[in-house]
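Structure, as structure tokens:
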Amino acid sequence: MADARKELLGKFEAKNRFANFGPVIVEAKISGFRGVNASITFDCPVTALTGFNGAGKSTIGQLMLCGYKKLATAVSAKRYYVANFFPVSPADPNPFSDDASVTFRYQTDKPDALQDLTVSRAAKEWSGYKRQPEKNAEYIGFTVYIPKVERRDLSIYSANNLNLTGRTDVKNAAQYVSQILGSAYDDIYFQGIAVKARAGELGIAKRLGAAYSENNMGFGEGRVVYTVRLLETCAQQSLVVLEEPETSLHENAQYEFAKYLIDVSNRRGHQIIFSTHSSIMMNALPPAGRKLLVRTAGGVSVFDRVSSSRIKTALSAGENGHTIICVEDLFAQSLLREMLRRFDKETLSAVSVIPFGDARAVLSAKDALQTAGIKAIVVRDADQAEDVKHMIFRLPGALPPEKEVFGNDKVQALLQDNYGVDFKAMVAAEPDLDHHQYSQKCCAKVQASREVLETDCIRAFLDDRGADWSKDLCNSIRRSLA
Ligand SMILES: Nc1ncnc2c1ncn2[C@@H]1O[C@H](COP(=O)(O)OP(=O)(O)OP(=O)(O)O)[C@@H](O)[C@H]1O
Ligand SMILES: [Mg+2]
């Protein structure tokens, strides 16, 4: 998984980007659509837009679809215009302002050269579509799959007279659907149907010894079957915008679906943008693919690398009067809490220490919280830069906290005595082991809970280092609360 994410980001490096993804949108500036004035960058081929209801997620996704002409070679493809998504009517006189505009910044075949093109409102008409690059664009909204039993469909009202015609296969569809839904499918295909001159089709699945059409599928199952078909059969290097793909999927399927999006983007060069309320899907993406949207008086602020679930936790803690300390990950959270507990219990009771992902995510999180009027400070790992004036501190020591703690002799003795783990031998056997994996690896060997083992190690480490180790940082945090 980590490798697929890394591979995807490597393919998106400027020098490789055009060859792998074509003229992708790398940035957009939006002004005056449904009150959205925003600037957003796309730093990963798969991007999740998160934020509260009405934040502007769908608005941004829909506008991106309006950034391309359809492929000259495409016969039946759809070309999206602003008017498709923002209808004006007596009920909705102003879905966009008179001077609304969206500027797309595209990758070109020269790594350093980006192309800016603007669609804007001029004299009651939209201009700027003509020079746009070509790309197939697909919108997977909420109606990509509507159960036929809920509408007047051939396969329902003429069920008795149905003739089966040809079948359409989608390469490896059963494999992808099995992986996403966590159940073995023997086959997935689309069956042509006809009644006299009328024709249609039905998705068919075979699993657990049964064969059934979409008319007897679960809703999540049907939606996945149709979505996979679209992603596998649309033109290579398409732009695909999905609305809340977690809809009707169980938690593990949400995670697997996010993995699938990374996989299909890797294989087929799609740029994928999806709106979501699923922290599971957000967290399955590399931080570069996470965008948090927050409505402000002036429009919408976009915070990079942050997921909304963590911000929600931070906002409610902030509203209860706590100062938020943004840290990189769970290990830093445990360590800092333990330092404060030993050194300054009063400060600990006035703060909430919340992990946000990585060294850059914590900076965005701090900005997002401050925008919402919540007091926030940052404590990054010891290998990151400090900026005391802006309340950006770092943990003591010189190395990432896992390396400080697990590298300590007393901690290694504890691991040996209490858990039977020879840490030095473990690392020697796997010299490339990432320090974020240390505790997981120890736990896997000895069936211990991660938090318990980490806390044991952190306590042994702090016992060994004494109060001096925590003093400066704890004092800085206390001063910043004043
Ligand atoms: N004419 C308008 N002027 C200003 N703001 C508008 C206008 N029309 C709609 N809006 C705002 O746009 C919001 C809808 O935006 P959008 O559909 O992009 O949100 P979303 O983030 O996708 O939300 P959800 O999670 O509910 O799908 C509305 O809640 C409203 O606040
Ligand atoms: Mg929406």
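The values are calculated or read from the model by the stated rules, or taken from the named source; none is laboratory data. Computed from a predicted structure; not experimentally measured. Note that each Cβ is placed from the backbone with ideal geometry, even for glycine, and that neighbours are counted across all protein chains shown.
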Looking at Ala317, Ala385, Ala350, Ala361, which is the one that is more than 16 Å from ligand 2 (Cβ to nearest atom), touching a His at 6+ places or on another chain (Cβ under 7 Å) and not acidic (Asp, Glu)?
-> Ala350
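Please state which one of Phe142, Phe190, Phe104, Phe96 is in contact with an Asp or Glu (Cβ under 6 Å, 6 or more places away or on another chain), within 29 Å of Cys66 (Cα to Cα) and among the aromatic types (Phe, Trp, Tyr). Steps first, answer last, please.
On the way: Phe190 fails: within 29 Å of Cys66 (Cα to Cα); Phe104 fails: in contact with an Asp or Glu (Cβ under 6 Å, 6 or more places away or on another chain); Phe96 fails: in contact with an Asp or Glu (Cβ under 6 Å, 6 or more places away or on another chain).
Phe142 is the lone residue from the list that is in contact with an Asp or Glu (Cβ under 6 Å, 6 or more places away or on another chain), within 29 Å of Cys66 (Cα to Cα) and among the aromatic types (Phe, Trp, Tyr).
Out of region 273-284, which residues are of a type outside the set (Gly, Ala, Ser) and either within 14 Å of ligand 1 (Cβ to nearest atom) or surrounded by 24 or more Cβ atoms within 10 Å (Cβ to Cβ) (or both)? I'd like the intermediate steps shown before the answer.
Here is the first cut: in region 273-284, the residues of a type outside the set (Gly, Ala, Ser) are 273-274, 276-277, 280-283.
Once the filter is applied, which keeps residues that are of a type outside the set (Gly, Ala, Ser) and either within 14 Å of ligand 1 (Cβ to nearest atom) or surrounded by 24 or more Cβ atoms within 10 Å (Cβ to Cβ) (or both), region 273-284 yields Ile273, Phe274, Thr276, His277, Met281, Met282.
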Quick one: would you say Asp456 is part of a helix (DSSP H, G or I), modelled with pLDDT of 95 or more, charged (D, E, K, R) and surrounded by fewer than 16 Cβ atoms within 10 Å (Cβ to Cβ)?
-> no
Among the numbered conditions (1) within 21 Å of Val302 (Cα to Cα); (2) in contact (Cβ under 8 Å) with a residue 60 or more places away in the chain, tell me where Asn283 comes up short.
-> (2)
Sort out which residues of region 231-253 are closer than 25 Å to Gly200 by Cα and more than 20 Å from the chain's Cα centre (by Cα), and write them in order of number.
-> Glu232, Thr233, Cys234, Ala235
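Given the criteria surrounded by 15 or more Cβ atoms within 10 Å (Cβ to Cβ), of a type in the set (D, E, K, R) and in contact with a Ser or Thr (Cβ under 9 Å, 6 or more places away or on another chain), does Lys70 qualify? Outline the logic, then answer.
On the way: surrounded by 15 or more Cβ atoms within 10 Å (Cβ to Cβ): yes; of a type in the set (D, E, K, R): yes; in contact with a Ser or Thr (Cβ under 9 Å, 6 or more places away or on another chain): no.
Answer is no for this residue.
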Within the set of pairs 6+ apart or on separate chains, which have a first residue in region 70-95 that is within 14 Å of Gly32 (Cα to Cα) and without any contact (Cβ under 8 Å) to a residue 12 or more places away in the chain, a second that is away from ligand 2 (no atom under 16 Å from the Cβ) and part of a loop (DSSP other than H, G, I, E, B), and C-beta atoms under 6 Å apart?
-> none
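Can you name every one of the strands (runs of 3 or more DSSP E) wholly within region 88-178 that holds 1 or more residues which are out of contact with any Leu (no Cβ under 7 Å at 6 or more places or on another chain)?
Numbers: elements: 96-107, 114-122, 125-127, 137-140, 163-169.
Output list reads 96-107, 114-122, 125-127, 163-169.
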Which of (1) more than 16 Å from ligand 1 (Cβ to nearest atom); (2) in the same structural domain as Ala19 (by TED's automatic domain parsing); (3) modelled with pLDDT under 95 is the odd one out, the single condition Arg268 does not satisfy?
-> (3)
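Pick from region 46-60 the residues that are under 26 Å from Asn266 (Cβ atoms) and within 8 Å of ligand 2 (Cβ to nearest atom): which of them is surrounded by the fewest Cβ atoms within 10 Å (Cβ to Cβ)? Give the steps one after another, and end with the answer.
If we filter region 46-60 for residues that are under 26 Å from Asn266 (Cβ atoms), which is where we start, we get 46-50, 57-58, 60.
Checking the rest, the ones that are also within 8 Å of ligand 2 (Cβ to nearest atom) come to 57-58.
Details: Lys57: 26, Ser58: 18.
Top of the filtered list is Ser58.
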Of the listed residues (Leu230, Leu162, Leu154), the one being surrounded by fewer than 20 Cβ atoms within 10 Å (Cβ to Cβ), in contact (Cβ under 8 Å) with a residue 24 or more places away in the chain, among the aliphatic types (A, V, I, L, M) and closer than 30 Å to Phe104 by Cα is Leu230
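Okay, residues lined up against (1) closer than 13 Å to Gly56 by Cβ; (2) under 17 Å from the mean Cα position of the chain (by Cα); (3) assigned by TED's automatic domain parsing to the domain that holds Ile374:
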{"position": "Gly289", "(1), (2), (3)": "no, yes, no"}
{"position": "Lys312", "(1), (2), (3)": "no, yes, yes"}
{"position": "Gly318", "(1), (2), (3)": "no, no, yes"}
{"position": "Thr323", "(1), (2), (3)": "no, no, yes"}
Selection over region 73-87 where residues are in a loop (DSSP other than H, G, I, E, B) and either surrounded by 12 or more Cβ atoms within 10 Å (Cβ to Cβ) or touching a strand residue (DSSP E or B) at 6+ places or on another chain (Cβ under 6 Å) (or both) yields a count of 7
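Okay, residues lined up against (1) touching a helix residue (DSSP H, G or I) at 6+ places or on another chain (Cβ under 9 Å); (2) among the basic types (Lys, Arg); (3) within 16 Å of ligand 1 (Cβ to nearest atom):
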residue: Phe21; (1), (2), (3): yes, no, no
residue: Phe42; (1), (2), (3): yes, no, no
residue: Val82; (1), (2), (3): yes, no, yes
residue: Pro87; (1), (2), (3): no, no, yes
residue: Pro90; (1), (2), (3): no, no, yes
residue: Pro95; (1), (2), (3): yes, no, yes
